[in-house]
Structures are given as structure tokens and as C-alpha cells.
1. Going 7 Å from the Cα of K2 toward and past its Cβ, which residues in segment 104-133 have a backbone nitrogen under 13 Å from where you end up?
2. Using alpha-carbon pairs under 8 Å, 6+ residues apart, how would you state the relative contact order of segment 133-265 in percent?
3. What FRET efficiency would be calculated for the residue pair V20, T84, taking the C-beta separation as r and a Förster radius of 22 Å, to the nearest 0.05?
4. Determine the calculated [θ] at 222 nm for the chain from helices alone, applying -39500 (n - 2.57) to every DSSP H run no shorter than 4 residues and normalising by the residue count; nearest 500 deg cm²/dmol.
5. What is the order of I57, I155, I215, fewest Cβ neighbours within 10 Å to most?
6. Given the Cα-Cα distance of R310 and A45 and 0.36 nm per residue of separation, how much length would full extension add, in nm?
7. Got a sec? Charge dipole of the chain, +1 on Cβ for Lys and Arg, -1 for Asp and Glu; which of P25, A175, N121 is way out at the positive end?
8. Using 0.36 nm per residue of separation minus the Cα-Cα distance, give me the extension gain between V99 and N28 in nm, one decimal.
Amino acid sequence: MKAIHVTQYGGPEVLKLVDVEKPTPKENEILIKVHAGVVGPSDCAFRKADPFIVRLIYGLTKPRNPKQGTEFSGVVEAVGKDVTVFKQGDSVFGMEPNVFGAHAEYICVPEKNPITFKATNASYEEMVGVLDGAATARTFLQDVAKVKPGQKVLINGASGAVGAYGVQLAKHYGAEVTGVCSGANVELVKSLGADHVIDYTKTDFTKTGQTYDVIFDAVGKNSFGACKKALTKNGLYLTTVPTLGMLWGLISSMFGSKKAKFATAGLMQNRETLTTLKEAFEAGKLKAVIDKRYTLAQIADAHRYVDTGRKKGNVIITVA
């Protein structure tokens with residue numbers, strides 16, 4: 001089968017389309033024929049080992065694991081003898097946050113992984129797109145921030161994958177939502193339900209005098225220190241990017257009523273979370289935001305596009 005492997009850190013050129021043996025499911029595993037995957041900032045971070053913390057986790061001088069890709073959607077082709085929830089022919093979506101491998105024609109995952117049935121009204125591309133951004137956004141906004149009706153929530157990076165779904169989910173939770181994006185994406189963010197939209201090329205939201213109960217920095221472009229004045233007395237700053245600045249924010253927030261928090265969202269997902277996203281899509285509470293589509297062979301181009309920082313919503317890899 002075809003798969004994307006990386007054996008050294010670097011630019012998109014290190015991504016190689018290789019022939020590898022098709023996996024066979026173990027007793028507790030599911031073999032999935034992949035129909036679609038995604039490329040997001042985290043995939044680019046793993047590829048180029050930036051931030052440096054990637055090297056500490058995945059290999060100091062080169063990746064210990066050549067596989068790429070976390071989220072997938074597809075069809076169950078075979079199951080191990082101990083699998084009870086899924087059967088051959090089921091349409092599913094899910095993730096493999098531990099050993100990766102979603103950027104391939106087939107992937108084997110343990111049944112206990114975050115994986116569930118695809119929404120009946122979603123395409124494979126839409127389903128994996130929703131998973132790419134909404135799972136992370138839900139973790140930060142519901143599990144960490146516990147957003148309540150009437151709260152004021154600001155989403156920085158509101159047109160990106162995490163931010164676009166963050167806007168939709170925050171509205172779903174009853175918040176008054178302000179989205180921050182470039183002028184080119186203002187209408188998109190409004191269409192996702194934002195009550196207010198700030199064009200960051202014209203206005204610095206940290207200096208407007210407005211305050212928010214939750215500031216969700218979905219692109220990691222700000223800091224707790226910079227956003228502190230824009231938080232209410234007991235406000236919360238959330239960031240998706242693990243940097244040294246983020247670590248200092250966590251420490252400094254221990255000494256006041258305003259807090260900063262970070263979560264390893266990819267490792268916190270479970271079947272229940274995915275099921276709630278599926279149900280929200282089926283009910284029309286979430287819609288997919290797909291920017292561009294690439295084939296598996298074009299994945300280097302997908303990485304180049306994501307590296308520009310100008311993508312809107314999801315960049316999809318169509319496999320089958």
C-alpha cells in the first residue's frame with residue numbers, strides 16, 4: 001500500500017510517498033481503508049520539529065516513527081477476533097494520536113481508540129474535517145473552560161481549523177462570540193455564527209478596552225501576558241501551542257485571579273467526544289469548513305499551503 005513517511009525533520013520535501021506492507025489487524029484492532037485525512041499545523045510541526053518540544057517527544061535528531069497523520073475517516077475492511085463494536089463495512093472516523101499512520105491507504109487502530117461511526121449526512125471529507133478542528137476546540141472550550149451561556153468568548157484565529165469550529169461550538173454553548181481573523185475572512189467567520197468580528201490587521205483586540213471571560217488563542221499567536229488586560233477579573237486564557245512563553249504564562253497565572261491553561265487535546269479525545277461531534281453535525285449545529293483538497297501524492301503541496309498560515313478551516317487529503 002501507499003503511505004507517507006518522514007525519516008528526517010525539515011521542509012515539505014522530506015515527505016516521501018512509499019510502498020509499505022498493508023497492515024493486518026491484531027485481535028483488538030480494526031483495519032480501515034482510509035478515504036480522507038487532514039493536514040494541519042500540528043502535522044507541519046511534527047514534520048519540521050518546530051517547536052523544539054517536538055524533538056524531546058518524538059526524537060531529538062530525527063523522528064523515531066516515520067508515520068504521518070493522526071485523523072482519518074474511512075471504511076472498516078477487517079476486524080480482529082476480540083473486536084465487538086465495529087464490523088466490516090462500517091463507515092467510521094477517528095484518530096491515532098499515539099503512533100500516527102493516517103496518511104496512508106490503510107491504517108490499523110485499536111478498537112479502544114477515539115473512533116466512532118460517521119455521521120449519516122456527512123461525506124468522509126466533511127467528517128474528518130470536523131474531527132480535525134472541533135475535537136480540539138471542544139476540549140478547550142467545554143472540558144477546560146466550561147463555557148456557559150452568556151459568557152463573552154473571543155476566538156483568536158477564528159478562520160483556521162480549530163478556530164472555525166471553536167466559533168461554532170462557543171455559539172452552541174450559548175456564549176457571545178467574538179472572532180479575530182484577517183479582513184479576507186471576516187464574512188466566513190460571520191457565517192459561522194460570530195456575534196462580532198475583529199480584523200487583526202486593523203485592530204489589536206488586546207487594546208480595545210473590551211474584556212472577555214475566555215480568550216481562546218487557537219493559533220498560538222498571542223500570550224497570557226499580552227491578553228491579560230483583555231480578560232475579565234476571573235477570565236481564562238487558553239492556547240493550543242506549547243511554547244516556553246505558554247509555560248511562563250501558566251506559572252505567572254498561579255498568582256492572580258486571571259488564569260492561563262493549556263491542554264494536550266489530541267491525547268484527551270475519546271469515543272464519547274467524537275459521538276457528540278457526530279450528533280452535532282447530524283443536527284446541523286456544526287458544519288465543515290473545507291479550504292483545499294489534495295491527493296496523498298500531493299501531500300507536500302498541502303504542507304506548503306498550511307505553512308503559509310493562510311488556510312481557512314481544513315486542508316483535506318483525499319485518499320480513496
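1. Under cut-off, by backbone N: 104-106.
2. Working: 282 pairs, mean separation 29.7, N = 133.
22 percent.
3. 0.15
4. Values: 9 runs with 81 residues, N = 320.
The per-residue figure over the chain is -7000 deg cm²/dmol.
5. Details: I57 11, I155 36, I215 31.
Least crowded to most crowded, the residues run I57, I215, I155.
6. Numbers: separation 265, 0.36 × 265 = 95.40 nm, distance 1.58 nm.
Full extension of this stretch gives 93.8 nm more.
7. Result: A175, furthest along the dipole toward the positive end.
8. Details: separation 71, 0.36 × 71 = 25.56 nm, distance 1.58 nm.
Full extension from V99 to N28 adds 24.0 nm.
We did not get these values from a lab; they are worked out from the coordinates using the rules stated. These numbers were taken from a predicted model, which means no experiment stands behind them. Glycine also receives a Cβ, built like all others from the backbone with ideal geometry; neighbour counts cover every protein chain displayed.
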